[in-house]
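This report refers to the structure that appears directly beneath it.
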Amino acid sequence: MLPRINPWAWVPSLYFAEGIPYVIVMTVATVMYQRLGLSNAEITLYTSWLYLPWVIKPFWSPVVDMFRTKRWWIIAMQLAIGASLAGVAFTLRAPDNIRWTLAFFWLMAFSSATHDIAADGFYMLGLNAHEQSLYVGIRSTFYRVSTIAGQGLLLMLVYSFELYTRNTVKAWNCVFAGTAVFFLLVCLYHVIMLPHPEHGIHEKHKTGIFAYRFTETFTTFFQKEQITTALLFLFLFRLPEALLTKICPLFLLDNVDNGGLALTTAEVGFVQGTIGTIGLTIGGILGGIAIASYGFRRMLWPMVATISLPDALYVLLAYYQPENILSINICIGVEQFGYGFGFTAYMMYMLYFARGRQQTAHYAFCTGIMALSMMLPGLIAGKLQEHIGYLNFFILVLCLVPVTVLVSALIKVKHDYGLKK
């Protein structure tokens, strides 16, 4: 029997590795294509499709269960992510670099979504119930740290290389090549340090049953009480934020003459990747404490307000176009704090709606719908912004807040879910 490996040796690194490719695909790619000269319409259309692997993740997860072990999938997907990072670096200087880099971003997105499935399953196999609760905060913390590293540090490094090389393509090439080497080293570390939980052997005998019941699981999800209301809420609660998410980094980077704020790549990395992430994290923590203290029903409307009202800050930023980086940091920090606090209501409702005999699978369906709700508005966000301009776009986002209010008014929770007993 193999000696047991301390969870500190692999839980932090595993969830740090989980966050890096996601933030690169969802945020860093958007900034890169803006710096390469693509239009906002092209950027949002291309990068929004990268959400698709997370949309179909619930349907793909049985395959991860049916074949090989979770450990094998983690190593294989980390290797694929490292290879896709190298592929982006290698093809950035190719004649048809947009098409090739998008292909490798697709590989990265699919590998990252698959890695999420395997990592979460491995976490439950590798730790007992007490350890799972003990390390849940650790995994969340290191996932957030990876977000700061990916969205903040990487963009700051790109800016430094841009100044040094005076060549945007070469700067991105260097950073992606370095990230690929780093990620492959992380993969090698996990080859050595990930444990071999003996439960993984027994899991394989259950996969046939899981595959057989998948159709039943899918059917029972859509037979749940208030399914129509739940689908409306899951699709539309974050509609304003779904539009904002794709446009915000482009707005921060764009020229003042175009209605943007003309920040450097490093400033965007700091504003969104550091200040924004810290605000988001603090908001999420306080949101969880609030629901645990007062319950979902009492906190729903304060959370609707905090996720919606700060959107007005983008209207102010687009109208005044401030040059003071401190005021921009404050606005982004407040908006992300409000989003983190308000998003807690969305997460808690998914947990509430997924309750029942097949709650794990039903929650996975909810997360797929959540990804789809971000993907579809993102596809048209850039085209819409180019047509009406940044200021009118942010005004339109603010006008869509009543949609969030309406779908929130429709949902019914039978008891004060989440209230500390």
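Laid out as a table, the results:
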{"item": "Ellipticity estimate at 222 nm from DSSP helix runs (n ≥ 4, -39,500 (n - 2.57)) divided over the chain, nearest 500", "result": "-26000 deg cm²/dmol"}
{"item": "Segments 284-292, 236-244 sorted - mean Cβ within 10 Å per residue, highest first", "result": "236-244, 284-292"}
{"item": "Mean projected area (nm²) of the alpha-carbon convex hull when segment 205-330 is viewed from all directions", "result": "12.2 nm²"}
{"item": "Euclidean distance of C-alpha centroids, segment 76-127 and segment 301-315, integer Å", "result": "34 Å"}
{"item": "Accessible area (Å², per residue) of the chain, counting only protein heavy atoms and a probe of 1.4 Å", "result": "45 Å²"}
{"item": "Net charge of Cβ neighbours under 14 Å - reference Thr277; Lys, Arg +1; Asp, Glu -1", "result": "0"}
{"item": "Environment charge of Val304, counting only residues whose C-beta is closer than 13 Å and scoring Lys/Arg +1, Asp/Glu -1", "result": "+1"}
{"item": "Accessible area of Leu36 in the full protein assembly, 1.4 Å probe (Å², nearest 10)", "result": "50 Å²"}
{"item": "Scaled radius of gyration (Cα, divided by 2.2 N^0.38 Å) that segment 295-368 gives", "result": "1.47"}
{"item": "Heavy-atom accessible area order for Arg357, Arg93, Arg166, largest first, 1.4 Å probe", "result": "Arg166, Arg357, Arg93"}
{"item": "Correct choice for Cα extents along the principal axes in Å that was computed from the model, options [x] 142, 70, 32; [y] 85, 47, 46; [z] 62, 49, 34", "result": "[z]"}
{"item": "Percent of Cα-Cα distances greater than 18 Å, calculated over segment 1-143", "result": "60 percent"}
{"item": "Cα gyration tensor shape for segment 31-112, rounded if a/c is under 1.5, else prolate or oblate", "result": "oblate"}
{"item": "Cα-Cα over 32 Å, subset of Lys383/Lys414; Lys57/Lys170; Lys170/Lys246; Lys70/Lys170; Lys57/Lys414; Lys57/Lys246", "result": "Lys383/Lys414; Lys57/Lys170; Lys70/Lys170"}
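The values are calculated or read from the model by the stated rules, or taken from the named source; none is laboratory data. This structure is a prediction, so every number in the text was calculated from the model and none was measured. Cβ atoms come from the backbone with ideal geometry, glycine included; neighbour counts cover every protein chain shown. For the accessible areas, the whole protein counts, side chains as well, though only heavy atoms, and no ligand, DNA or RNA atoms are used. Shrake-Rupley method; radii C 1.70, N 1.55, O 1.52, S 1.80 Å.
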